[in-house]
Amino acid sequence: MNILLLMADQLAAPALPAYGHRVVRAPHLERLAARSVVFDSAYCNFPICAPSRFSMLSGRLPHAIEAYDNAAEFPASVPTMAHYLANLGYRTILCGKMHFIGPDQLHGYEERLTTDIYPSDFSWTPDFLQGPEYRPTGVSMRPILEAGSCVRSLQIDYDDEVEYRGVPRLYDLARAPQEQPFFLTISFTHPHPPFVAGQEHWDRYRHDEIDMPKVAQIAVEDLDEHSRWLHYAHAQNEYTVTDVHVRNARHAYYGMVSYIDDKVGRILATLEQCGLAQDTAVVFAADHGEMLGERGMWYKQTFFEWSARVPLMISAPGIGARRSCAHVSLVDLLPTFLDLATGGRPPEPVDPFDGASLLPLMTGADKGENRSVISEYSSEGVRAASRMVRAGAHKYIHTRGLAPMLFDLERDPDELHNIAGSADATAVEARLHVRALEGWDPDAVHQRILASQKRRLFLADVARRSGRYPNWAYQPFVDESKRFVRGSGTSGPTAAKAKARYPLVEPAQPDRNRNKEEK
């Protein structure tokens, strides 16, 4: 079957009506969820953009491929889902954001329809040695204070282009059966901050209906150390954020979610119009979430639910709708795609996958009670690498040099009570500590990260001083010599235009008898 992967950026699962949100309006995603297998406990493997995507594409945990941060190079030697599917005869196409770092801007995709929105070089390299207040991206509370509506924004510019390129490509695929099966990824940058929504989508919500965070701001002195790092990393000590700012930012975020929902609706309508829906698996996911003011926190970079839990819904031909509460993650998508592509007979992977196929969960053959999830973090805003294990009712977080954290999400869904060190949690804490350190030595990982940062900081500094940055930004190319009506031989422009009509209409034939009578 064909595979269509739709991605949003920084979309928290709890912010969608399909996951229980009562204010956000996303009817197209609700309709997709109604015919999909919806995963209620899906997580990213790294709560920031680039490493999360590298991990998802490769089926490997981030630190296994040295995806340490938003400026870590994604090596061309790492096989991705695009490579595996191309090897099975799929036409592989990328449209939109993927945040590749380094000279390889395809990573197995045979075709890329747009450039990326963010830098592809080492300019955003973090520095553990300078502490959490070192901000290579300039992150601060400004997007919250400046939240509101707009006529146009840079992100609208980008995502409108993504839709503009992606929808016609679906028509092209329908008109060219020889390009099927296809793996098409359409990836948007909304609802990533800044918190700015177009007026149409802002106006879909009354301002007084915007709900405030469930968990109020936690005083700095009461924060865990990891959250305290992020407090200073996000410059929260330099800005005063009021309830007015919070409501504005959440209003804009909801509008941005509706904006993405509209685009998903038009893409799915195109799939139906082209007759491709019955042969295409549709997957909707996000690379990570957004804290959105919960606990007084914003953005991502933490393992709390609003940051680490993502929407994941898969609608596949022949598989009925259901909901799964099994713990899954984005690293599971590659083995799942190979199962879908081969009818459950996937090829042997080049490197062992760190995820497992979701197909048994989708068909109901497995309930997934024994599944667990690993997520990692080591990008800007912190001083050491950390790992999260989600298993059963619990979430365990280990950060090098800090006391562990353990939450029972069944009894404490808002993650307000750290039970690590308590007598009642001794056994589960010991078990999850062992799981967290499997194949992951915090001291060795820390040294590798420091060495990687040192190299990349040096290279970024050389580029700044010389003014000659490596030009790795992807330059999309369209061969205009083969579009529309060109030299079409004896067939002429009428036949050329007829071939582009979908559905194809058989060419009208001349009436030979009439021709003879005329003569």
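Considering the conditions (1) out of contact with any strand residue (DSSP E or B) (no Cβ under 6 Å at 6 or more places or on another chain); (2) surrounded by fewer than 22 Cβ atoms within 10 Å (Cβ to Cβ), Ser41 is excluded by exactly one of them, (1). The residue that is farthest from Thr114 (Cα to Cα), counting only those in region 467-495 that are open to solvent by 100 Å² or more (accessible area, probe 1.4 Å) and without any contact (Cβ under 8 Å) to a residue 40 or more places away in the chain, is Thr490. Does any residue in region 496-518 that is open to solvent by less than 100 Å² (accessible area, probe 1.4 Å) come within less than 6 Å, Cβ to Cβ, of a residue that is not in a loop (DSSP other than H, G, I, E, B) six or more places away or on a different chain, and which pairs are these? Sorted first by the residue in region 496-518, then by its partner, the pairs are Tyr502/Ala174; Tyr502/Arg175. Cβ separations smaller than 8 Å between residues 6+ apart or across chains give the following pairs from region 1-27 residues that are more than 17 Å from Ser187 (Cα to Cα) and part of a loop (DSSP other than H, G, I, E, B) to residues that are open to solvent by 20 Å² or more (accessible area, probe 1.4 Å) and among the hydrophobic types (A, V, I, L, M, F, W, C): Met1/Ala341. When the residues of region 164-181 are filtered to those that are within 21 Å of Leu106 (Cβ to Cβ) and touching a Phe, Trp or Tyr at 6+ places or on another chain (Cβ under 6 Å), the one that is surrounded by the fewest Cβ atoms within 10 Å (Cβ to Cβ) is Pro181. Within region 104-112, identify whether any single residue is surrounded by 16 or more Cβ atoms within 10 Å (Cβ to Cβ), basic (Lys, Arg) and touching a Ser or Thr at 6+ places or on another chain (Cβ under 6 Å), and answer yes or no. No, region 104-112 contains no residue that is surrounded by 16 or more Cβ atoms within 10 Å (Cβ to Cβ), basic (Lys, Arg) and touching a Ser or Thr at 6+ places or on another chain (Cβ under 6 Å).
If the condition is being open to solvent by 10 Å² or more (accessible area, probe 1.4 Å) and among the aromatic types (Phe, Trp, Tyr), then region 243-283 contributes only Tyr259.
Yes/no per residue for (1) surrounded by fewer than 14 Cβ atoms within 10 Å (Cβ to Cβ); (2) under 25 Å from Pro476 (Cβ atoms):
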residue: Val139; (1), (2): no, no
residue: Arg152; (1), (2): yes, yes
residue: Tyr158; (1), (2): no, yes
residue: Val162; (1), (2): no, yes
residue: Ser187; (1), (2): no, yes
residue: Arg206; (1), (2): yes, no
residue: Asp211; (1), (2): yes, no
residue: Ile218; (1), (2): no, no
residue: Ser227; (1), (2): no, no
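Restricting attention to region 295-309, the residues that are in contact with a strand residue (DSSP E or B) (Cβ under 6 Å, 6 or more places away or on another chain) and surrounded by fewer than 24 Cβ atoms within 10 Å (Cβ to Cβ) total 0. Would you check if there is a residue in region 88-101 being in contact with a His (Cβ under 6 Å, 6 or more places away or on another chain) and surrounded by fewer than 24 Cβ atoms within 10 Å (Cβ to Cβ)? The answer is no; no qualifying residue exists.
For Phe122, the conditions (1) surrounded by 21 or more Cβ atoms within 10 Å (Cβ to Cβ); (2) over 13 Å from Thr185 (Cα atoms); (3) under 19 Å from the mean Cα position of the chain (by Cα) are fulfilled apart from (3).
The values are calculated or read from the model by the stated rules, or taken from the named source; none is laboratory data. Just so it is clear, the model here is predicted, and its values are computed rather than measured. Glycine also receives a Cβ, built like all others from the backbone with ideal geometry; neighbour counts cover every protein chain displayed. Just so you know, the surface numbers come from the protein's heavy atoms only, side chains and all, with ligands and any DNA or RNA stripped out. Shrake-Rupley method; radii C 1.70, N 1.55, O 1.52, S 1.80 Å.
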